[in-house]
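Student: Quick one: this structure, given as structure tokens, is what I'll be asking you about.
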Amino acid sequence: MEEGGSADAAPAVQRRRLELTVEVPTGSGLGALRQAVLGWGEANRRDLPWRATRDPWHVLVSEVMLQQTQVSRVLGPYRRFIERFSTPAACAAARVADVVVAWEGLGYNRRAVYLHRTAGVLVERHGGRVPVDLTALVSLPGVGAYTARAVLSFAFEVDTGVVDTNVARLLSRAVAGHPLGAVSSQKLADSLVPAGRAWAFNQSLFDIGARHCVARHPDCHGCPLRRRCRWAAAGWPPPDPAAASAGTARPQSRFAGSDREGRGRLVTALRRRSIAATELARASGWAGEPERARQIADELVRDGLARWGSAGLLELA
DNA sequence: TAAACGTGGCA
DNA sequence: TTGCCACGTTT
């Protein structure tokens, strides 16, 4: 869709110039937008386990799980994980292997390693608590701009915008009406948050983005922002502003036959048992490529997911 | 089945 | 600063 040919013709320079023209709605327009978002959220908010807690550690865990992983897949693992590692101290005290085992089903297993390291930093440098500080949060392993602000907003009610892929799409289409870079996008989100209502506002923006302002065929009919949407007001002229915006989805390289596939199979196997070097190829699904299997194993070790144990067995770290 | 989903490392 | 790439699983 965004491969329409004209997308390639838009150089980065042009996008930057466009960003300078972002007009933040002011006065009553802004108030009306906030009300539309908050009002819709009150009536339509989904009941999700992590929305019932403001425990900063639980919020952090849920947000890390929600990186690159959809809600439906996080539901089960989240409950299990919180039960097992209810505090940063409990997580830090566990072995990485235990955290990786608890991570089962979520994928992107490095996140489990990062979360374990983050728990360690929280214990060692922040008194076992999650700091209420953007710089400190972003410096934690596996915590980036999105997760840091999600924690500030959802656990501490700090007035900050939280830009995930859904919100990035919504902002570029409905509010700006043109593509946004990461910086403009964040500033715009920040400017929209009603004082003291960051939790409700950001949760509602997530839901509107996820349920109406979707990537492929946006459900504008019934969207609470329909009447204030710039892109809709202009008659949805192509290209879709979201397509060229920062933080929105891009096509991925093929998964089948990739290193990721083999890594995934190897970690899945390692959750059950240690693996001899001679069995690596079979366990990773590449019976004919022992060298590649060995390479992937070494990368798992480098990433802190696995280690070479006694007797030349590869095991969870 | 193609689509969904942030962070970190690097250029 | 920005963009590109690697990183897994489910439906």
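The values are calculated or read from the model by the stated rules, or taken from the named source; none is laboratory data. It should be emphasised that the depicted structure is a prediction, and the values quoted were computed from it without experimental measurement. Ideal geometry is used to build each Cβ from the backbone, glycine not excepted, and the neighbour counts take in all protein chains shown. For the accessible areas, the whole protein counts, side chains as well, though only heavy atoms, and no ligand, DNA or RNA atoms are used. Shrake-Rupley method; radii C 1.70, N 1.55, O 1.52, S 1.80 Å.
Student: Could you grab me the full set of residues in segment A:244-278 that are more than 23 Å from A:Asp98 (Cβ to Cβ) and over 29 Å from the mean Cα position of the chain (by Cα)? Give the steps one after another, and end with the answer.
Tutor: Within segment A:244-278, the subset more than 23 Å from A:Asp98 (Cβ to Cβ) is A:244-262, A:277-278.
Across segment A:244-278, the qualifying residues are A:Ala277, A:Thr278.
Student: Separate question: Given the residues A:Glu63, A:Glu83, A:Glu42, which is the only one that is in a helix (DSSP H, G or I) and touching a Ser or Thr at 6+ places or on another chain (Cβ under 6 Å)? Reasoning before the result, please.
Tutor: Details: A:Glu83 fails: touching a Ser or Thr at 6+ places or on another chain (Cβ under 6 Å); A:Glu42 fails: touching a Ser or Thr at 6+ places or on another chain (Cβ under 6 Å).
The conditions single out A:Glu63.
Student: Look at A:Arg254 and say whether it is in a helix (DSSP H, G or I), near DNA strand C (Cβ under 10 Å from one of its atoms), without any contact (Cβ under 8 Å) to a residue 60 or more places away in the chain and open to solvent by 40 Å² or more (accessible area, probe 1.4 Å).
Tutor: Spelling it out, it is not the case that A:Arg254 is in a helix (DSSP H, G or I), near DNA strand C (Cβ under 10 Å from one of its atoms), without any contact (Cβ under 8 Å) to a residue 60 or more places away in the chain and open to solvent by 40 Å² or more (accessible area, probe 1.4 Å).
Student: Kindly indicate whether A:Phe206 is in contact with a helix residue (DSSP H, G or I) (Cβ under 9 Å, 6 or more places away or on another chain) and open to solvent by 10 Å² or more (accessible area, probe 1.4 Å).
Tutor: Values: in contact with a helix residue (DSSP H, G or I) (Cβ under 9 Å, 6 or more places away or on another chain): yes; open to solvent by 10 Å² or more (accessible area, probe 1.4 Å): yes.
Spelling it out, A:Phe206 is indeed in contact with a helix residue (DSSP H, G or I) (Cβ under 9 Å, 6 or more places away or on another chain) and open to solvent by 10 Å² or more (accessible area, probe 1.4 Å).
Student: Quickly run through segment A:126-136 and pick out the residues that are farther than 17 Å from A:Asp55 by Cβ and buried (at least 16 other Cβ atoms within 10 Å of the Cβ).
Tutor: Kept after step one, since they are farther than 17 Å from A:Asp55 by Cβ, are these residues of segment A:126-136: A:133-136.
Scanning segment A:126-136 gives a single hit, A:Ala136.
Student: Of the residues that make up segment A:234-243, is at least one open to solvent by less than 90 Å² (accessible area, probe 1.4 Å), within 16 Å of A:Val100 (Cα to Cα) and touching a residue at least 24 places away in the same chain (Cβ under 8 Å)?
Tutor: The answer is no, given that none of the residues of segment A:234-243 is open to solvent by less than 90 Å² (accessible area, probe 1.4 Å), within 16 Å of A:Val100 (Cα to Cα) and touching a residue at least 24 places away in the same chain (Cβ under 8 Å).
Student: Could I ask something else about it? Could you tell me which of the residues A:Gly196, A:Gly177 is under 19 Å from A:Pro239 (Cβ atoms) and of a type outside the set (S, T, N, Q)?
Tutor: That would be A:Gly177, the only listed residue that is under 19 Å from A:Pro239 (Cβ atoms) and of a type outside the set (S, T, N, Q).
Student: OK, next. Which one is farthest from A:Ser153 (Cα to Cα) among residues in segment A:56-103 that are of a type in the set (Asp, Glu) and crowded, with 16+ Cβ neighbours inside 10 Å? Steps first, answer last, please.
Tutor: First, pick out the residues of segment A:56-103 that are of a type in the set (Asp, Glu): A:63, A:83, A:98.
Now drop any that are not crowded, with 16+ Cβ neighbours inside 10 Å, which leaves A:63, A:98.
Working: A:Glu63: 12, A:Asp98: 29 Å.
Step by step, filter segment A:56-103, then rank; the result is A:Asp98.
Student: Give me a count of the residues in segment A:137-146 that are in a helix (DSSP H, G or I) and open to solvent by 10 Å² or more (accessible area, probe 1.4 Å). Write out each step before concluding.
Tutor: Here is the first cut: in segment A:137-146, the residues in a helix (DSSP H, G or I) are A:137-138, A:145-146.
Still in the list and also open to solvent by 10 Å² or more (accessible area, probe 1.4 Å): A:138, A:145-146.
Count: 3.
Student: One residue is enough: does segment A:118-125 have a residue meeting the conditions more than 20 Å from A:Gly247 (Cβ to Cβ), surrounded by 15 or more Cβ atoms within 10 Å (Cβ to Cβ) and near DNA strand B (Cβ under 9 Å from one of its atoms)? Reasoning before the result, please.
Tutor: So the first thing to find is which residues in segment A:118-125 are more than 20 Å from A:Gly247 (Cβ to Cβ), and the list is A:118-125.
With surrounded by 15 or more Cβ atoms within 10 Å (Cβ to Cβ) added as a condition, the list becomes A:118-123.
When the remaining residues are screened for being near DNA strand B (Cβ under 9 Å from one of its atoms), the result is A:118.
Checked against the condition, which is being more than 20 Å from A:Gly247 (Cβ to Cβ), surrounded by 15 or more Cβ atoms within 10 Å (Cβ to Cβ) and near DNA strand B (Cβ under 9 Å from one of its atoms), segment A:118-125 yields at least one hit.
Student: I would also like to ask the following. Taking segment A:147-160, which residues are more than 16 Å from DNA strand C (Cβ to nearest atom) and either open to solvent by less than 20 Å² (accessible area, probe 1.4 Å) or closer than 21 Å to A:Ala119 by Cβ (or both)?
Tutor: Quick first cut of segment A:147-160, residues more than 16 Å from DNA strand C (Cβ to nearest atom) only: A:150-160.
Those that are more than 16 Å from DNA strand C (Cβ to nearest atom) and either open to solvent by less than 20 Å² (accessible area, probe 1.4 Å) or closer than 21 Å to A:Ala119 by Cβ (or both): A:Ala150, A:Val151, A:Leu152, A:Ser153, A:Phe154, A:Ala155, A:Phe156, A:Thr160.
Student: Still on this structure: Would you pick out the residues in segment A:97-136 that are part of a helix (DSSP H, G or I) and of a type in the set (D, E, K, R)? Let's see the steps before the verdict.
Tutor: First pass over segment A:97-136, keeping only residues part of a helix (DSSP H, G or I): A:97-102, A:110-125, A:134-136.
Selection gives A:Asp98, A:Arg110, A:Arg111, A:Arg117, A:Glu124, A:Arg125.
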